[in-house]
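These notes concern the structure reproduced below.
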Amino acid sequence: MKINILTPDSKRPNLAAMKISSWHRQQEDEVFLNFPICNADFTYASLLFDWTPDPFADLIGGSKYPAIKLDPEIDSMKPDYGLYPNIDYSLGYTYKACPRTCDFCIVPKQHNEETHYSIWTFHNPKFKKIGLLNNNTFADPQCRETFQEIIEANLILIDMSGFDLRFITEDLAQWISKLRIEGYLHCAWDFMEHEELIIHGLGYLQEAGIKRIMCYVLIGYNTTPEEDLYRIEKLRILCDPFVMPLNKFDPYQKRFARWVNHKAIFKSVAWKDYKC
């Protein structure tokens, strides 16, 4: 059989596509990725965003359709890294669940299971890097086992989803400090009422010697422009803030994000003086 997998809005390797490919190649099927063929025997599509138009496919899933899950047999497959010849890291979950119920987030709608997985369910030893897609690593009671596996395998961690500062403790910060992390460690400050937990969490990380931290700041949800500026100025001395506008077409949100996220301007021009 000829199998075509479409991932029209994936900017990085698509885990679902790699698992589907593994299963079909095990059945000795031919697998194509984003191949414009009309004679495929079966076509899958994995979509991330609501605004992505549905392509012609026999089965469509992905974050756009949180109720649609991979078949358990396919979901248990190791990813087919050969689907992306240029990939240089392993990719997967050690914990899919998140206890938060933020209504702007797709994760609560996915109803992910609270199951811990070893990195060896998806890691390929040929890679020296590993990317975690976990929705909330610190919510996993066995997260220390994940860190220990990464350390023992001498892997470089690519932080693809961030860490929840509201869960962090001094002990967890010490575990994070033992990891080799490529680029920034990511976190977020979405709600004003979590200020104390966020600041304490950043303090734990800094005390553990972690300096390269990027904190995403959601605006346009339930905060005022004054509260947005307050959070940014609070974070300025602790890490690198990065604004995530809920509505990228709103003039204020677009302008505020442009000011903060352009680091040279952010460091040299105050918001009140920003004219662009």
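Values in this text are rule-based calculations from the coordinates and carry no lab data. Bear in mind the structure is a predicted one, so any value in this text is a computation, not a measurement. Neighbour counts run over all protein chains shown; Cβ positions are idealised from the backbone, glycine included.
For this structure, a couple of remarks:
- One quarter of the convex hull surface built on the alpha carbon atoms of segment 1-64 amounts to 4.0 nm², the projected area averaged over directions.
- A simple charge model with +1 on the Cβ of Lys and Arg, -1 on the Cβ of Asp and Glu and nothing else charged puts the dipole of the chain at about 1100 debye relative to its Cα centre.
- Förster radius 22 Å - calculated FRET efficiency between Asn124 and Thr52 (Cβ-Cβ, nearest 0.05): 0.15
- For Phe122, net neighbour charge (Lys/Arg +1, Asp/Glu -1) across residues whose Cβ lies under 14 Å away: +2
- Counting Cα-Cα pairs of segment 117-276 in 5 Å increments starting at 0 gives whole-percent bin shares of 1, 8, 17, 20, 17, 13, 10, 7, 4, 1, 0.
- Fraction of the pair-distance distribution of the chain above 29 Å, Cα-Cα pairs, percent: 41
- Amide H partners (placed H, <5 Å) of Gly131, local residues excluded: Ser90, Leu91, Gly92, Ile158
- A helix-only calculation puts the chain at -8000 deg cm²/dmol for mean residue ellipticity at 222 nm, using -39500 (n - 2.57) for each DSSP H run of at least four residues, averaged over all residues.
- Extended-chain gain in nm, criterion 0.36 nm per residue less alpha-carbon gap, Cys102 and Trp271: 58.0 nm
- Distance between segment 212-276 and segment 140-160 - C-alpha centres, whole angstrom: 31
- Here segment 1-64 is assigned +1 on the Cβ of each Lys and Arg and -1 on the Cβ of each Asp and Glu. Its dipole about the Cα centre then comes out at about 280 debye.
- Sparse-neighbourhood loop sites, GluC sites (Glu not before Pro) in segment 103-190 - DSSP loop, at most 11 other Cβ within 10 angstrom: Glu113
- Sparsely packed loop sites in segment 185-222 (the chymotrypsin sites (Phe, Trp or Tyr not before Pro) outside DSSP H, G, I, E and B with at most 16 other Cβ atoms within 10 Å) comprise Tyr221.
- In range of the label at Gln206: residues from segment 221-259 whose backbone nitrogen is under 12 Å from the point 7 Å along Cα→Cβ: 234-240
- Among the chymotrypsin sites (Phe, Trp or Tyr not before Pro) within segment 1-69, those in coil by DSSP and having at most 14 neighbouring Cβ atoms inside 10 Å are Phe49, Trp51, Phe56.
- Straight-line cross-link reach from Lys254 at under 20 Å between alpha-carbon atoms covers these lysines, not counting any fewer than eight positions away in the same chain: Lys263, Lys267, Lys272, Lys275.
- A Förster distance of 45 Å, applied to the separation of the beta-carbon atoms of Leu246 and Gln148, puts the FRET efficiency at 0.75.
- Length gained on full extension, Lys2 to Asp29: 9.1 nm, using 0.36 nm per residue less the C-alpha separation.
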